[in-house]
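J.: The structure is given below, and queries will be raised subsequently.
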Amino acid sequence: MNFHAVKAIYRFEMARAWRTVFQSIVAPVISTSLYFVVFGAAIGGRMAEVDGVSYGAFIVPGLMMLSILTQSVSNASFGIYFPRFSGTIYELLSAPVSAMEITLAYVGAAATKSIILGLIILATATLFVPLRIEHPFFMLLFLVLTATTFSLFGFIIGIWADGFEKLQIIPLLIITPLTFLGGSFYSIAMLPPFWQKVTLFNPVVYLISGFRWSFYGVSDVAIGISLGMTVVFMAVCLAGIWWIFRTGYRLKA
């Protein structure tokens, strides 16, 4: 393992985040705070508790997931796309750095940014609603697994995309809608039976359900299934990255 190479790439990506701190950290926190104000205060004041949890507190895990998913994908996809766009990817591929080390550095940096963002949003949420975390270990586990998994997914998107427009297609047209429809602002038990079954085909449901369970001990899906689905998606992303480096897809053109 070439730790010097991994550290160099990782530090470069983290330095880029601090140079664009408003875009990387401040803007997502402000937008999430607006969700707390609109949904938690305005709408939450007119709604009863959900599963014994005040509505404002109930939506916190979903809002955290919304930011973590979108930022993980965006950070990782841009991180690997820009070297392709500038042509420096060929210098990296010709250096004594393995595919695993490249992936570890870029995905690790993207996941770190998302985890920091998630913790800041969690701290911000305490200013708006009363929170409790019944299972802190599982909360951190879901936070790390989700950030890492979707950073891997974003890494794949960054290699697949052949333009800046395509970098935004998946987060805007797929990730965000799936998160909104995955129980961010409601329990799927509120839906009619037919739509409950349809919603279970949304993979984000399992992430939000497991993450919410770590806070309040309530969930729409069993915690074991939520963890299992997250690990399966991570394995699929790792397999996709292995295939990309094995075949040179969009890297050696």
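J.: Taking the number of other C-beta atoms within 10 Å as the exposure measure, put Tyr90, Tyr55 in order starting with the fewest.
T.: Values: Tyr90 12, Tyr55 20.
The fewest-first ordering by Cβ neighbours comes to Tyr90, Tyr55.
J.: Something else about it: Using amide H atoms built 1.01 Å from N in the peptide plane, name the residues 5+ places from Val50, or on other chains, whose amide H lies under 5 Å from its own.
T.: Tyr55
J.: By count of other Cβ within 10 Å, fewest leading, how are Glu134, Glu13, Glu165, Glu101 ordered?
T.: Working: Glu134 12, Glu13 23, Glu165 8, Glu101 18.
Going from least to most buried by this count: Glu165, Glu134, Glu101, Glu13.
J.: Between Ile174 and His135, what length in nm is gained on full extension when 0.36 nm per residue of separation is reduced by their alpha carbon distance? All intermediate terms of the calculation are to be shown ahead of the outcome.
T.: Values: separation 39, 0.36 × 39 = 14.04 nm, distance 2.97 nm.
Gain in length upon complete extension: 11.1 nm.
J.: Follow-up. Working out 0.36 nm times the residue gap between Ala222 and Lys252, then minus their Cα-Cα distance, what length gain in nm do you get to one decimal? Before the final figure, lay out the partial values.
T.: Details: separation 30, 0.36 × 30 = 10.80 nm, distance 4.33 nm.
Extra length from Ala222 to Lys252 when fully extended: 6.5 nm.
J.: Can you give the calculated 222 nm mean residue ellipticity of the chain, where each DSSP H run of n ≥ 4 adds -39,500 (n - 2.57) and the sum is split over every residue, rounded to the nearest 500 deg cm²/dmol? Please report the intermediate quantities before stating the final value.
T.: On the way: 12 runs with 173 residues, N = 253.
That calculation yields -22000 deg cm²/dmol at 222 nm.
J.: A further question follows. Per residue of the stretch 183-199, in order, report the coupling 6.51 cos²θ - 1.76 cosθ + 1.60 (Karplus, θ = phi - 60°) as ³J(HN,Hα) in whole Hz, putting x for Gly and Pro.
T.: Those phi angles translate into x, 4, 10, 7, 8, 5, 5, 6, 7, x, x, 4, 6, 4, 5, 5, 4 Hz.
J.: Additional query: Among Ile241, Ile223, which comes first, second and so on when ranked by fewest other beta-carbon atoms within 10 Å? Present the calculation step by step, with values, prior to reporting the outcome.
T.: On the way: Ile241 20, Ile223 17.
Exposure proxy ranking, most exposed first: Ile223, Ile241.
J.: Please give, to one decimal in nm, the separation of the simple spin-label points placed at Met14 and Ser86, each 7 Å out from Cα toward the Cβ.
T.: 1.9 nm
J.: Fully extended, how many nm does the chain gain between Leu119 and Ser31 (0.36 nm per residue separation, minus their Cα-Cα distance)? Don't jump to the answer; show the numbers that get you there.
T.: Numbers: separation 88, 0.36 × 88 = 31.68 nm, distance 1.51 nm.
Stretched out fully, the Leu119 to Ser31 stretch lengthens by 30.2 nm.
J.: Would you please classify the overall shape of the stretch 105-191 from the alpha carbon gyration tensor, given that a ≥ b ≥ c denote the square roots of the eigenvalues, rounded means a/c under 1.5, and beyond that prolate means a/b larger than b/c while oblate covers the rest?
T.: On the way: a/c = 2.20, a/b = 1.42, b/c = 1.55.
Because a/c hits 1.5 or more and a/b fails to exceed b/c, the stretch 105-191 counts as oblate.
J.: Okay, moving on. Explain nothing, just compute: Karplus ³J(HN,Hα) = 6.51 cos²θ - 1.76 cosθ + 1.60, θ = phi - 60°, for every residue of the stretch 133-145 in order, whole Hz, x for Gly and Pro.
T.: 10, 6, 10, x, 4, 5, 4, 5, 4, 5, 4, 5, 4
J.: Show me, for the stretch 87-99, the HN-Hα J-couplings you get by feeding each phi into the Karplus relation (A = 6.51, B = -1.76, C = 1.60, θ = phi - 60°), rounded to Hz, glycine and proline as x.
T.: x, 6, 4, 5, 5, 5, 5, 8, 7, x, 10, 7, 4
Values in this text are rule-based calculations from the coordinates and carry no lab data. Every value quoted in this text rests on a predicted model; they were computed, and no experiment measured them. Because the Cβ atoms are built from the backbone with ideal geometry, glycine has one as well, and the counts that use them run over all protein chains shown.
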